[in-house]
Amino acid sequence: KFQLNQYTAEGLLGQGAFGKVYKAKDSSGNLVAIKIYNKKQLRHRWIGKAKTALFAVKCEIEVMEKLEHPNVLQLLEVIDNDDSNKIYMILEFAPGGTINDHSPMSEKEAKHYFKQLVLGMDYLHEKALVVHRDIKPLNLLLDANNNLKISDFGSAQEMANGRDEFSNSAGTWAFMAPELHGGNGSFQGRPVDIWAMGVTLFYMIEGKTPFNGRRLIDLYEAVKNEEVVVPDKFNEDLKDLILKMLNKDPEQRATLEQIKAHPWLKNV
Ligand code: ADP
Ligand code: MG
Ligand code: MG
């Protein structure tokens, strides 16, 4: 338990590589989430040739400050004082847990959430010009009304001036597109998120990811060279959509426009 300005922290919600997330109440009794980073610790972690984790957190905040959409977790306030070693991100509280907690789920339920994921991603890619780069069930939260909220912008990048290529790769291994594996950092724009959405949709219904490997190189091998095996219980429309999202060639992979118009999302 701790007090921070008007916020009273209650309990731990989650813990990631760099940050801890607490549940808290503001002065009016509304629940919020507080993501806390330790600046000193971040300065000592290198995430690239010339970047520390502190730089990444500044980017996470800068990106999130620009976002406002019903399917994107809202950043409410940032508390970062020079005389404090901590950075606090005050976030909309998502009481429904993560998509991971609810997987595997029925196809009907998956469709409900996936439609909202598409709306949030469409906003990010087309309006905000942001590539998320870490889409996965653990980063998709649910509010009290079962609305999906895309969260964790710790790997996100802005597509400034039409640029949609980044030289460093990011993400979570089992959700990373083939073009991210093997040190090829030449094409990592929107299609990287589409691939991760495809893996996520598969995971929601099947409860596991489509590509696996005992070691990292076995996983790479599968992602790069193996055809997806779609379980029999997936109907033809769903199968078709997943195969199009998991196209190994980023230039051939389904776009959000194509996903929005796909029969699986249109049919009830
Ligand atoms: P990391 O970058 O360390 O992965 P996240 O922002 O993904 O941090 O948060 C870690 C975990 O904390 C999430 O997977 C989720 O379980 C929980 N969490 C994060 N934000 C919230 C929130 N706003 N409401 C409820 N739980 C949250
Ligand atoms: Mg996360
Ligand atoms: Mg993160």
Cβ contacts < 6 Å: first residue touching a residue at least 40 places away in the same chain (Cβ under 8 Å), restricted to region 229-240; second residue surrounded by 15 or more Cβ atoms within 10 Å (Cβ to Cβ) and assigned to a helix (DSSP H, G or I), any location; separation 6+ or different chain. Result? L238/W264
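Is it fair to say K244 is surrounded by 15 or more Cβ atoms within 10 Å (Cβ to Cβ), at pLDDT 95 or above, out of contact with any His (no Cβ under 8 Å at 6 or more places or on another chain) and basic (K, R)?
Working: surrounded by 15 or more Cβ atoms within 10 Å (Cβ to Cβ): yes; at pLDDT 95 or above: yes; out of contact with any His (no Cβ under 8 Å at 6 or more places or on another chain): no; basic (K, R): yes.
Judged against the criteria, K244 is not a match.
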Residues within region 126-153 that are open to solvent by 50 Å² or more (accessible area, probe 1.4 Å) and near ligand 2 (Cβ under 10 Å from one of its atoms), tallied: 1
Counting only residues that are more than 14 Å from ligand 2 (Cβ to nearest atom) and in contact with a strand residue (DSSP E or B) (Cβ under 9 Å, 6 or more places away or on another chain), region 13-35 contains a total of 9
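Can you go through G14, G48 and tell me which one is modelled with pLDDT under 95 and either open to solvent by less than 30 Å² (accessible area, probe 1.4 Å) or assigned to a strand (DSSP E or B) (or both)? Write out each step before concluding.
Working: G48 fails: either open to solvent by less than 30 Å² (accessible area, probe 1.4 Å) or assigned to a strand (DSSP E or B) (or both).
Result of the check over G14, G48: G14.
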Mind listing whichever residues of region 83-104 are surrounded by 17 or more Cβ atoms within 10 Å (Cβ to Cβ), more than 30 Å from L42 (Cα to Cα) and of a type outside the set (G, A, S)? H102
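Out of curiosity, is D80 touching a strand residue (DSSP E or B) at 6+ places or on another chain (Cβ under 7 Å) and either open to solvent by 20 Å² or more (accessible area, probe 1.4 Å) or within 16 Å of ligand 3 (Cβ to nearest atom) (or both)?
Values: touching a strand residue (DSSP E or B) at 6+ places or on another chain (Cβ under 7 Å): yes; either open to solvent by 20 Å² or more (accessible area, probe 1.4 Å) or within 16 Å of ligand 3 (Cβ to nearest atom) (or both): yes.
Judged against the criteria, D80 is a match.
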Quick one: which of A196, A222 is more than 22 Å from H102 (Cα to Cα), aliphatic (A, V, I, L, M), open to solvent by less than 10 Å² (accessible area, probe 1.4 Å) and at pLDDT 90 or above? A222
For T8, which of the numbered conditions (1) more than 10 Å from ligand 1 (Cβ to nearest atom); (2) open to solvent by less than 30 Å² (accessible area, probe 1.4 Å); (3) assigned to a strand (DSSP E or B) fails to hold? (2)
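The values are calculated or read from the model by the stated rules, or taken from the named source; none is laboratory data. Note that the structure is a prediction, hence the values are computed from the model and not measured. Neighbour counts are summed over all protein chains in view; Cβ atoms, including those assigned to glycine, are modelled from backbone coordinates with ideal geometry. Just so you know, the surface numbers come from the protein's heavy atoms only, side chains and all, with ligands and any DNA or RNA stripped out. Shrake-Rupley method; radii C 1.70, N 1.55, O 1.52, S 1.80 Å.
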